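Please read the structure below before turning to the comments.
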Amino acid sequence: MKVHLNRINNDYLFEAKGASGIPVMIDNKTGDEVKGSSPMELLLMGVGGCSAIDIISILKKQKLEIDSYAVEVEGDRKEVGGAKPFKAMVVKVFLEGEIPPEKALRAAKLSFEKYCSVSITMQAGVDIIYQVFLNGEALA
């Protein structure tokens, strides 16, 4: 796997592309006019996107209809020298539809513990906690 970043302006704006060729804008959040996501935001998006694809795929294979899917990922950072890596992430999965609660929970468990390459990559240094909400109700 390989990506390419190309600097767009005289500051910190980059256009990144992977094999798909679809551009993603990356920028430094501290600038006056931010035109892209920060690298740390992209890590959060990667965890959310990877798990979303897994969970939806697992539920679709079971012929379950998902009316709505949303995910919120919040990262908690720590100071390490001059860097601020994530120490923990909380992923909240919001599902709507005629989905048995045990199947929603199992899909999330499989994603975070077996299939999601992004969260599994991050687990060595980041505590990742996930919560599933089905039709507005938190699942245990």
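Return the residue satisfying two criteria in turn: it lies in region 83-140 and is hydroxyl-bearing (Ser, Thr, Tyr) and touching a strand residue (DSSP E or B) at 6+ places or on another chain (Cβ under 6 Å), and of such residues it is modelled with the lowest pLDDT. Ranking the qualifying residues of region 83-140, first place goes to Ser119. Restricting attention to region 19-34, the residues being open to solvent by 30 Å² or more (accessible area, probe 1.4 Å), at negative phi and at pLDDT 95 or above number 6. Considering only residues in region 60-100 that are within 18 Å of Gly136 (Cβ to Cβ) and assigned to a loop (DSSP other than H, G, I, E, B), the one that is most open to solvent (accessible area, probe 1.4 Å) turns out to be Glu98. Exactly one residue out of Ser57, Ser119 is closer than 13 Å to Leu43 by Cβ, in a helix (DSSP H, G or I) and either of a type in the set (S, T, N, Q) or out of contact with any Pro (no Cβ under 6 Å at 6 or more places or on another chain) (or both): that is Ser119. Among the candidates Ala70, Ala83, the residue that is within 16 Å of the chain's Cα centre (by Cα) and either within 30 Å of Asn9 (Cβ to Cβ) or touching a residue at least 12 places away in the same chain (Cβ under 8 Å) (or both) is uniquely Ala70. Filtered by the rule that a residue be in contact with a helix residue (DSSP H, G or I) (Cβ under 6 Å, 6 or more places away or on another chain) and open to solvent by less than 40 Å² (accessible area, probe 1.4 Å), region 111-128 gives Ser111, Phe112, Cys116, Ser119, Ile128.
Output yes when any residue across region 7-17 is in contact with a strand residue (DSSP E or B) (Cβ under 6 Å, 6 or more places away or on another chain), in a helix (DSSP H, G or I) and at pLDDT 95 or above, and no when none is. No, the conditions are met nowhere in region 7-17.
The values are calculated or read from the model by the stated rules, or taken from the named source; none is laboratory data. For clarity, every value in this text was computed on a predicted model and none was experimentally measured. A quick note on method: Cβ atoms are made from the backbone with ideal geometry, for glycine too, and the neighbour counts reach across all protein chains shown. These accessible areas exclude ligands, DNA and RNA; they are computed on the full protein's heavy atoms, side chains included. Shrake-Rupley method; radii C 1.70, N 1.55, O 1.52, S 1.80 Å.
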